[in-house]
Amino acid sequence: IMITPSCKIKNDLRKRRHFSIRKRVSGTSERPRLVVFRSLKHIYAQVIDDTKGETLISMSTIAKDMGTLTGKKKTEQSYEVGVKLGEKALAAGIKKVAFDRSGYKYHGRIKALAEGARKAGLDF
């Protein structure tokens, strides 16, 4: 019997969920896909047009134009990333997006990012 670390199993299960979500969610030029990646320290979000295969807008907690996030909790940082991403998307003329949670539970940092993007004016 081989013992595997639980984090490897959890990540494999998340990837499986992500692929099943990707079967249903696809970004078009009228409604691009807002995809989220969550690491232990940071959160990353991109708006992707899957028909062309290009990233239109990206934002993360380590982006230069994000400003200082010191002293804020990770959930608050995620909310700020969502607001900034929403503002950039509206400036680029994107109003509607398809939300891709990448196999993560819609809870905590993922939910905060989505609420921030909605507050900025994006329509899911």
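The values are calculated or read from the model by the stated rules, or taken from the named source; none is laboratory data. Note that this is a predicted model, so its numbers are computed, not measured. Note: ideal-geometry Cβ built from the backbone for every residue, glycine included; neighbour counts use all protein chains shown. Accessible surface is based on the protein model in full, side chains and every heavy atom, while ligands, DNA and RNA are left aside. Shrake-Rupley method; radii C 1.70, N 1.55, O 1.52, S 1.80 Å.
Observations on the model:
- Rolling a 1.4 Å probe over the protein heavy atoms gives the chain an accessible area of 64 Å² per residue.
- Column: log10 I(q)/I(0), Debye, Cα scatterers of the range 13-86, q = 0.14, 0.25 Å⁻¹: -0.51, -1.14
- Within the same chain, lysines fewer than 8 places from residue 72 are excluded, and of the rest, those with a Cα less than 26 Å from its Cα are 41, 64, 84, 88, 105, 111, 119.
- Charge tally around residue 65: other residues with Cβ under 12 Å, Lys/Arg +1 each, Asp/Glu -1 each, net +1.
- The Cα atoms of the range 74-124 give a gyration tensor whose axes a ≥ b ≥ c have a/c of 1.5 or more with a/b no greater than b/c, which makes the shape oblate.
- Ordering of 12-19, 108-115 by packing [mean C-beta count within 10 Å, highest first]: 108-115, 12-19
- Between helix 109-120 and the chain there is an angle of about 10 degrees, using the helix long axis and the longest principal axis of the Cα atoms.
- Computed packing ranks the peptides 64-75, 90-101, 33-44 as 33-44, 90-101, 64-75, most packed first, by mean other Cβ atoms within 10 Å.
- In the calculated pair-distance distribution of the chain, the portion above 23 angstrom amounts to 31 percent of the Cα-Cα pairs.
- Carbon + sulfur, % of accessible area of the chain - ligands and nucleic acids excluded, 1.4 Å: 54
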